[in-house]
Amino acid sequence: MNLIDLSNSRRIGANSFYIEIGPFKLLVDAGIDPKENGFAAMPDFSLVEDYSLDYIILTHCHLDHLGALPVILRKQPQAQILASHASTILAPRMLKNSYNVMTKIKEELNVPEYPLYYPSEIEKLKEHFLPMPFSLKKEFIKNGSSINITFHPAGHIAGAVGVELQYKHRKIFFTGDVLFQDQLTLPGAKFPDGPFDTLILETTRGSTQRESLSNRETETNRLIETINHALSRGGSCLIPAFALGRMQELFAILEKARSDKKLSACPIYSSGLGMDLVDYLDSLSKKNFGPHFRRKTVHNLKVRPLPRKIRAGQDVPPGIYILSSGMVIPKTPSYYVAAAMLEHHHNSICFVGYCDPDTAGGKLLKAQQGDAFLFDDMDYVAPVRAHIHSFDLSGHADRDELLNYAQKVSPRAIVLTHGEESSRLWFDQELALLMPETKVIDPAPGVLYQV
C-alpha cells in the first residue's frame, strides 16, 4: 500500500490521506485547516493526478475532514463519495456554512481566492454520494480486482465512521475521529477486533492525561456545579462548543441536569449553525441514523437567541451561553461573547473539548488571572478576570483507550495522524515500548510511504 498524508502540516487541520492499494486509488477525507485562510488552509491536492481517484471516503462532517471536498471533486469528477447516511445529509449544510464564512472573510480580509467553491458545486456534490450502512461489508471491483470496504460507528459525532479496507489478504483500518464512551446523544464507537495489517490511528489527545478518578459523569457534574457557582455570583457562563455534535450534547446535558433539579434556573442563549443543526439531528434521530437527539430538548430548555448588541468589555445578561466555535475562532459568536465577558470577575468560561494551542481558546486556557489578553481580530485587550475552566468532555477517545485498541488489533504497522507534534510523540514513544515489533510511522506531509 502506498500512502501520502496530504495535510498542510503535522497537526490537526486539512486532514486528507491518499491511498493506493492494488489498482484502487482512494482519498480518505478532504478537510480545511480552521487556523488558515485561502489556499494555505487546503490539503496539497497537486500530489493526486487529476481524474485518477476511484473513491473519496468521508469519515465525518467536521470541516477539518470535509471542508475541501468540493475542491477535490472539481479535479476528480468521476469519483464516488462513500459516506454514512447521516454524513450525506449533514455535509451539504456544513459546506454551505463554510461558503458563507469564506464569503465574509473575503470581504473583510481581502482573501482573493475565497470562496474556494460555490453553492452550485455543493449541490452537485449530492450526485456523487454513495450512502454506506454501518457494519455491512461492500465489495467494489476494478480491472478484475476487488476491495471490500466496511464502515463502523465511531462515536465522535453523528455519522462518524471508522473505515475497514480489505484487499486480498490485507486488512487496513482508519480510526477516523473516535470516541469509545457513550454520550447522551450518541452511542460510543463499535470497532472491529482485528487483527489488521495496518492501523491509521488518530492521536488528538496524546498530550492529555485524564485524571485517575475522572470520567464523563464526574466531569459533567463538575460542569454543572461550575455553572451554578457563576450564576450564584450574578455572572454568566460561556461554553464554547463545536456546532455539530458538542452543542447538541451540551443541550442534552443541561436538560438532564434541569430535570434532575441540579441546574439553577437561568436563561440559556445560543445561535447560529448549531441551532440550525438541531433540526438535522432531530431528523436523523427519527430515521434511526445514529443520534439520539430531539428538537424538544431545545424547547424544554427555552433556548433564546443571542442578544444582538454584544460589545467587547460590556458584560452580557446573566445566563448560560452555548456558542460556536469550540476553539473561540475569530468572527464567531463565542469569540465576541468571550471578549465581552472576560474582564468581569463573576463570569466563567468553560471549555469542554480540544482546543488547538494557537487558537484564542487554547490561549485562554493558558492565561492566568490578571493577564492582558489580546483579541487580535478586534484589536482589543482585556484583563483576564473571568474564571477559566476546562472539563474533560471531549469527543475524542482517551490516549490510553487508543493504545489499548492498537494492542488489541495487533497491526504490523501503525500510521499516526490527527494530532499536534507533542501528541504524536507520546504515541510514538508509548507504542515503541508496548509494541516493539510494530512499525510506527509519523508521516511527513507530502511524502510517499510504502506501508
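Return the residue satisfying two criteria in turn: it lies in the range 136-171 and is aliphatic (A, V, I, L, M) and surrounded by fewer than 23 Cβ atoms within 10 Å (Cβ to Cβ), and of such residues it is nearest to D29 (Cα to Cα).
Filtering the range 136-171 down to residues aliphatic (A, V, I, L, M) leaves 136, 141, 147, 149, 154, 157-158, 160-161, 163, 165.
With surrounded by fewer than 23 Cβ atoms within 10 Å (Cβ to Cβ) added as a condition, the list becomes 136, 141, 147, 149.
Numbers: L136: 20, I141: 21, I147: 18, I149: 15 Å.
Looking at the filtered set, the residue picked out is I149.
If I filter the range 317-330 for residues that are of a type in the set (F, W, Y) and surrounded by fewer than 23 Cβ atoms within 10 Å (Cβ to Cβ), do I get at least one hit?
Filtering the range 317-330 for residues of a type in the set (F, W, Y) gives 321.
The next check asks that each one be surrounded by fewer than 23 Cβ atoms within 10 Å (Cβ to Cβ); those that pass are none.
So far as the range 317-330 goes, no, none of its residues is of a type in the set (F, W, Y) and surrounded by fewer than 23 Cβ atoms within 10 Å (Cβ to Cβ).
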#### Entry: Unmet requirement for F289, which otherwise passes all of (1) more than 26 Å from H229 (Cα to Cα); (2) more than 27 Å from the chain's Cα centre (by Cα)
(2)
### Task
Among the residues of the range 5-22, write down those that are surrounded by 21 or more Cβ atoms within 10 Å (Cβ to Cβ), of a type in the set (V, I, T) and outside any loop (DSSP other than H, G, I, E, B).
I19
### Task
Could you list, in sequence order, all residues of the range 119-154 that are without any contact (Cβ under 8 Å) to a residue 40 or more places away in the chain and out of contact with any Ser or Thr (no Cβ under 9 Å at 6 or more places or on another chain)?
P119, S120, E123, E127, I141, G144, S146, N148
#### Entry: Near pairs, Cβ below 6 angstrom, 6+ apart or cross-chain, from the range 390-408 (within 22 Å of D197 (Cβ to Cβ) and among the acidic types (D, E)) to any residue that is assigned to a loop (DSSP other than H, G, I, E, B) and modelled with pLDDT of 95 or more
E401/F180
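Return the total of residues in the range 187-208 being among the β-branched types (V, I, T) and in a loop (DSSP other than H, G, I, E, B).
3
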### Candidate set: the range 263-286, residues that are in contact (Cβ under 8 Å) with a residue 40 or more places away in the chain and outside any helix (DSSP H, G or I); chosen: the one nearest to the chain's Cα centre (by Cα)
G272
### Summary
Scanning the range 339-368 for residues that are surrounded by fewer than 18 Cβ atoms within 10 Å (Cβ to Cβ) and in contact with a Lys or Arg (Cβ under 7 Å, 6 or more places away or on another chain) gives H345, D358
### Query
How many residues does the range 239-256 hold that are part of a helix (DSSP H, G or I) and either outside the structural domain of N347 (by TED's automatic domain parsing) or over 15 Å from G319 (Cβ atoms) (or both)?
8
### Query
Somewhere in the range 72-80, is a residue within 30 Å of A241 (Cβ to Cβ) and in the same structural domain as Y114 (by TED's automatic domain parsing)?
yes
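Please note which helices (runs of 4 or more DSSP H) are completely contained in the range 43-127 and include at least 3 residues that are closer than 26 Å to P291 by Cβ and over 19 Å from the mean Cα position of the chain (by Cα).
119-125
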### Message
Which condition from (1) over 30 Å from G162 (Cβ atoms); (2) assigned to a loop (DSSP other than H, G, I, E, B) is the one that L184 breaks?
### Response
(1)
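The values are calculated or read from the model by the stated rules, or taken from the named source; none is laboratory data. The shown structure was predicted, so the numbers you read here are calculated from the model rather than taken from an experiment. Backbone-built Cβ (ideal geometry, glycine too); neighbour counts: all protein chains shown.
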